[in-house]
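Participant: Below is one structure. I have some questions about it.
None of the figures in this text is laboratory data; all of them are computed from the coordinates on show. It should be emphasised that the depicted structure is a prediction, and the values quoted were computed from it without experimental measurement. Methodologically, a virtual Cβ is constructed for each residue, glycine included, from the backbone with ideal geometry; neighbour enumeration extends over all protein chains shown.
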Amino acid sequence: MTTGKLLGGIVAAILGMVVVCGLGAATLVDGGSTGCAVPMISQAAVAAPAGGWPQVGNYRPDQVALAAVIVSVGEQMGIPVRGPVIAVATAIQESDLTNPAGGDRDSVGLFQQRPSQGWGTPDQLHDPVYASRMFYARLQAIPGWQDMSLTGAAQAVQRSAYPDAYARWEPDATMLVDAVGSSNWRTIPGDLEKCPVDCPRLVNPNEQSSPSPGCMDGSAVLTRAATWVSAWKGGPVPYLSSSEPASWFHGYRRDCSGYVSMALGLAGPGLDTAGLAARSAPISKTDLRAGDLLINPTPDLAGHVVIFDHWTDPTMTSYLGYEQSGDGGTHHRVIPYPYFADYQMSPYRFLNR
């Protein structure tokens, strides 16, 4: 049984919310006002599984418990799944996913928020529930935050002296959100035992394997794609677009299309984006399934390709995808459909897999 399956449904609802309106405006980090105080929440009731929270990856049980609080607050506030991924990645960078009473200058808690910058009192910021809610309140105030890179969104909230430090934690944050997310639709089913929503279940109620051929093909593509997430000295394979064989990784170019060619099982060094599009059939958004592609075939290094994993919610506004990009190499992350900002991509199904 996977960690996600073990913990699915374990995270309880946050109790004791008291909405405080009409008592003055809450001041955010930029000195702005919400027009109503940020709702105050008592300590979250987060029920651990029998035997306590397990270790998830390299994260201790106490760190996993704090990730559960962050995810629970986001779920109660109705934050789309990308929000908890951003929040957990930020907490990993800021505090190593711990809850210190102090920090640099007057920084406090999970997100190292500062009383002097209007985040709250030291006691409030040492409460993981309050700190998480303040983080999400500030995140929601940023126009278009769901279309921003993780680093861009986290930096807009935190205003860190090290704005590029957040991106490296996106795979870990995605893993933790998957592990502690409740069983509702915001959970990220990132492991390959769980079939995407558009495919039949891999295991039927009688525990007999009954995969559809398309789903199995997609799972094979995702399995190969996942290898590059940790194949470079334990981390993602760095991005590099080069025709020099010495720079390739296991015979494939380290750009987006070389990576996708590897995941599709094609010969190295791989097709370019136009070549992948030429060997694929356009499909509709609603037909996307595991292992399909989103492609912009523009030439001269202006194109891009992403491997579709699955939708993160029924509205089909964001999806989990694999890609090789210049902002950190190999990613398995939540992406707004069709891609970040207004970059245009179209769905395709590769014809020869």
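Participant: Using the beta-carbon distance between T223 and I283 and R0 = 25 Å, what value does 1/(1 + (r/R0)^6) give for FRET efficiency, to the nearest 0.05?
Facilitator: The calculated FRET efficiency here is 0.70.
Participant: Residues in the range 294-318 near a label at A341, defined as backbone nitrogen under 11 Å from the 7 Å Cα→Cβ point?
Facilitator: none
Participant: What's the whole-number percent of alpha carbon pairs in the range 248-306 lying beyond 13 angstrom?
Facilitator: Cα-Cα pairs in the range 248-306 separated by more than 13 Å: 58 percent.
Participant: Also, I was wondering about something else. Please report, largest first and rounded to whole Å, the three semi-axes of the ellipsoid equivalent to the range 213-350, where each semi-axis is the square root of five times an eigenvalue of the C-alpha gyration tensor.
Facilitator: For the range 213-350, the ellipsoid semi-axes come out as 22, 16, 15 Å.
Participant: Additional query: Take each of the peptides 69-81, 245-257, average the number of other beta-carbon atoms within 10 Å over its residues, and list them starting from the highest.
Facilitator: 69-81, 245-257
Participant: Right, next: Residue by residue through the range 68-81, what is 3J(HN,Hα) from phi via Karplus (6.51 cos²θ - 1.76 cosθ + 1.60, θ = phi - 60°)? Round to whole Hz and write x for glycine and proline.
Facilitator: So the Karplus estimates, Gly and Pro as x, are 4, 5, 4, 5, 4, 4, x, 5, 5, 7, x, 6, x, 4 Hz.
Participant: Roughly how many debye, to the nearest 20, is the charge dipole of the range 213-350 about its Cα centre, given +1 on each Lys and Arg Cβ, -1 on each Asp and Glu Cβ, and no other charges?
Facilitator: The calculation lands at about 280 debye.
Participant: Roughly how many Å is it from the Cα centre of the range 245-291 to that of the range 104-175, as a whole number?
Facilitator: Distance between centres, Cα-based: 35 Å.
Participant: Enumerate the amide H contacts of W232 below 5 Å, restricted to partners 5 or more residues apart or on another chain; note that Pro and chain-start residues carry no placed amide H.
Facilitator: Placed amide hydrogens put V237 under 5 Å from W232.
Participant: Find how much the distance from E244 to D313 grows on full extension, using 0.36 nm per residue of separation minus their present alpha carbon separation; answer in nm with one decimal.
Facilitator: Length difference between fully extended and current span is 20.7 nm.
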